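Encoded as structure tokens, the structure appears first; notes follow it.
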């Protein structure tokens, strides 16, 4: 995978007591629907061990342009009845951003993910340097830097309107580790290095790729 790929990063919560509906929608409809869009390469779902919101999902695409393609916009602007119901009900506190994968170090995928998200751009090169250093650790499967694409290039969709609007990030450092203890160690170090960023540790729930 090259660095020009797109990343759709989504953090969200769920209304208390409605987790079963949320899970049934995600596992029974939403993941398969999204990964069937041409240009989507991989989807992963996570649940928080530490930090908020409690859920995170990301999709890797051939390029950020896939995330404004006619096929994808058709899905966004014509949500299924179930999606409309979930987005207007259980689905809460969405932070959703289309990103460029501006750097990647490491060739593997891990079972635990540390996300460090920024609402304003960090110092130039700081995240790339941190990612490169972290990737030298044998406990790290990979480290990536995601940089937000221009919001102006991605108009507000019907799905976002149903959700009531989404929070956005400027950038994210994503570090995948093999084990939880290593993720916790790395998260503590990153929190000290980047005290203004929002940090979360997420365990992998499932992964989907095109059939």
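The values are calculated or read from the model by the stated rules, or taken from the named source; none is laboratory data. Nothing here was measured: the structure is a model prediction, and the numbers come from that model. Positions of Cβ are generated from backbone atoms using ideal geometry, with glycine treated the same way; all protein chains shown enter the neighbour counts.
For region 155-169, how many residues are in a loop (DSSP other than H, G, I, E, B), modelled with pLDDT of 95 or more and over 16 Å from the mean Cα position of the chain (by Cα)?
Residues flagged as in a loop (DSSP other than H, G, I, E, B), modelled with pLDDT of 95 or more and over 16 Å from the mean Cα position of the chain (by Cα) within region 155-169 amount to 4.
Here the condition is being assigned to a helix (DSSP H, G or I) and farther than 27 Å from residue 93 by Cβ; of 182, 137, it holds for 182 alone. Considering 71, 94, 103, the condition of being part of a helix (DSSP H, G or I) and modelled with pLDDT of 95 or more is satisfied by 71 alone. Of 52, 147, all but one fail to be part of a strand (DSSP E or B) and at pLDDT 95 or above; the exception is 147.
Considering only region 10-26, I want to know if a residue exists there that is farther than 24 Å from residue 174 by Cβ, in contact (Cβ under 8 Å) with a residue 24 or more places away in the chain, part of a helix (DSSP H, G or I) and touching a strand residue (DSSP E or B) at 6+ places or on another chain (Cβ under 9 Å). Walk me through it before giving the result.
Initial filter on region 10-26 (farther than 24 Å from residue 174 by Cβ): 15-21, 24-25.
Checking which are in contact (Cβ under 8 Å) with a residue 24 or more places away in the chain leaves us with 15, 18-19, 21, 25.
So of that shortlist, the ones also part of a helix (DSSP H, G or I) come out as 19, 21, 25.
From the residues that got through so far, the ones that are touching a strand residue (DSSP E or B) at 6+ places or on another chain (Cβ under 9 Å) too are 21, 25.
Scanning region 10-26 turns up at least one residue that is farther than 24 Å from residue 174 by Cβ, in contact (Cβ under 8 Å) with a residue 24 or more places away in the chain, part of a helix (DSSP H, G or I) and touching a strand residue (DSSP E or B) at 6+ places or on another chain (Cβ under 9 Å).
Going residue by residue through region 170-180, is there one that turns out to be loosely packed, with under 13 Cβ neighbours inside 10 Å, without any contact (Cβ under 8 Å) to a residue 40 or more places away in the chain and more than 19 Å from the chain's Cα centre (by Cα)? No, region 170-180 contains no residue that is loosely packed, with under 13 Cβ neighbours inside 10 Å, without any contact (Cβ under 8 Å) to a residue 40 or more places away in the chain and more than 19 Å from the chain's Cα centre (by Cα).
Exactly one residue among 57, 111 is buried (at least 16 other Cβ atoms within 10 Å of the Cβ), under 20 Å from residue 184 (Cα atoms) and in contact with a strand residue (DSSP E or B) (Cβ under 8 Å, 6 or more places away or on another chain), and that residue is 57.
Listed here are the residues, each with its yes/no results for (1) touching a helix residue (DSSP H, G or I) at 6+ places or on another chain (Cβ under 8 Å); (2) within 17 Å of residue 161 (Cβ to Cβ).
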{"site": "31", "(1), (2)": "no, no"}
{"site": "37", "(1), (2)": "yes, no"}
{"site": "45", "(1), (2)": "yes, no"}
{"site": "59", "(1), (2)": "yes, no"}
{"site": "62", "(1), (2)": "no, no"}
{"site": "66", "(1), (2)": "yes, no"}
{"site": "69", "(1), (2)": "no, no"}
{"site": "75", "(1), (2)": "yes, yes"}
{"site": "83", "(1), (2)": "yes, yes"}
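Here's the yes/no breakdown for (1) touching a strand residue (DSSP E or B) at 6+ places or on another chain (Cβ under 9 Å); (2) touching a residue at least 60 places away in the same chain (Cβ under 8 Å); (3) farther than 18 Å from residue 59 by Cα:
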residue: 90; (1), (2), (3): yes, yes, yes
residue: 102; (1), (2), (3): yes, yes, no
residue: 115; (1), (2), (3): yes, yes, no
residue: 122; (1), (2), (3): yes, yes, yes
residue: 128; (1), (2), (3): yes, no, yes
residue: 133; (1), (2), (3): yes, no, yes
residue: 143; (1), (2), (3): yes, no, no
residue: 146; (1), (2), (3): yes, yes, no
